[in-house]
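The values are calculated or read from the model by the stated rules, or taken from the named source; none is laboratory data. Computed from a predicted model, the values in this text were never measured in an experiment. Cβ sites come from the backbone with ideal geometry, for glycine too, and all protein chains shown count toward neighbours.
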Amino acid sequence: PEEPRGPEGVTDEEEDGDELVRQLREYRAFKAAAAELAARDTLGRRAFAPLASPAATVYEAAAERTLAPARPADLLRAAHRRLAQLPPAPRLLALVPRVSVGEMAARIAERLARFQGRDEVHFGHLIAPGAPRAEIVTTFMAILELVRRRRAEAHQETLFGEIVVRRAPVGPGRANVAAGEGEGDGAEHAADD
């Protein structure tokens, strides 16, 4: 029986033999490299020879760079250019607890009641330093709500001047209103308006 031949007339056994010879040569090259590394290791030389010869490598002296000729404006521009290349910092979402107008009105009324001899407070003192805009607006709306409920009075001496909030005087006909009763939607005061 004749052996099957490939398209170029080479038998399968010949191809297998060529492949085995190639693998044997590769194995011998790796074995020689391993022996070289083992010899270096036993001699205590853990440094390896460079791939390029030292004569082929040409080192040029680096130009000396100083900041002396740079003006502050040049340095600032360079810093801006570098900062422009950086990715933008992630924006952090600060979760600030929201206070309703009703809660703020209760706080202001409590503060006015706390001052026994002095029942007035300046608008600026009701707001914490650095308070967000939403808190300032809520405080202002709470003052308006207290005025509407007749639990407080607001006065402003000059245009754009400081707002002074006072506790509303409690009279015989206003005791229920000052105590917080009848604070609904304002329909009970329709006859007064």
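What the table shows:
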read-out: Residue identified as in the same structural domain as GLU157 (by TED's automatic domain parsing), in contact with a helix residue (DSSP H, G or I) (Cβ under 9 Å, 6 or more places away or on another chain) and closer than 19 Å to ARG148 by Cα among ALA131, ALA106; value: ALA106
read-out: The range 75-126, subset assigned to a loop (DSSP other than H, G, I, E, B) and among the small types (Gly, Ala, Ser), residue surrounded by the most Cβ atoms within 10 Å (Cβ to Cβ); value: SER100
